[in-house]
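Since the structure comes first, as structure tokens, the remarks are kept for the end.
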């Protein structure tokens, strides 16, 4: 992980690209990504502005069912909401 | 607990913890932290692997050592904790939580619930955060207005069972 990210760097693209609505009442900001109307991925982002460590970064990528490369692309802009949607549909359709 | 009847000078074991871990088949990166742990019995004993037993005993021996408050976590340390209750709710069985250093923080996770983690500036902080997040997930999953994927339905079932709902 060459570039460091903080919570805001994760919250913003999740809101704008994935239309995740975050709940602010819990210990973390948490929100659901709805795939075709079904609660599919739940992202949990710690409150505070600390730099995200490598394990936490991997955890968040996993929560969104992305590999770290695609997660970086999501945060850094190239990965659009539509592309994310097609990745998730592919994962769902490949499930046994 | 057996601390009272142990005749082994646990202090003398600290410098060789990594060596001991390797002798028991753990890589030095996997060696178990010498931080005190609140075990009251050997966890997962029935399904015990050598690794589980080794982890338990290594921690058990080292727990009484004084001065561990000054212990500084290394990048590859794993702190093993058991969680018996979350908030005011007692769990049906103890949940094993693994805490590892992560950059400037610590992250606590359980293999059983990979969807939950806790972060904090210390092992204990991250563990407390983990408990709050577990409880938060439980409350979150009680909302049935929107359908869940099969993965989350499974998590909800497991969590309900753990929480004794």
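Worth pointing out:
- Judged by the ratio a/c of the largest to the smallest principal axis of the C-alpha gyration tensor, segment B:96-162 counts as prolate, that ratio being 1.5 or greater while a/b is larger than b/c.
- For segment B:116-155 and segment A:1-71, distance of Cα centres in Å: 14 Å
- Within 10 Å of the Cβ of each residue in B:99-106, the mean number of Cβ atoms contributed by other protein chains is 5.
- Helical mean residue ellipticity (222 nm; -39500 (n - 2.57) per DSSP H run of 4+; nearest 500) of chain A: -14500 deg cm²/dmol
- Against chain A, whose longest principal axis comes from its Cα atoms, helix A:7-18 is set at around 20 degrees.
- Average beta carbon contacts from partner chains per residue of B:148-161, 10 Å cutoff: 2
- Computed over segment B:73-165: relative contact order in percent, which uses C-alpha pairs under 8 Å that are six or more apart: 22 percent
- Helix axis angle, A:81-94 relative to chain A longest principal axis, alpha carbon, degrees: 60 degrees
- Listed from fewest to most Cβ neighbours within 10 Å, the set A:79, A:34 follows the order A:34, A:79.
Coordinate-derived values only; no laboratory data. All values derive from a computational prediction rather than experimental measurement. In this analysis, Cβ positions are derived from the backbone assuming ideal geometry, glycine residues included, and neighbour counts consider all displayed protein chains.
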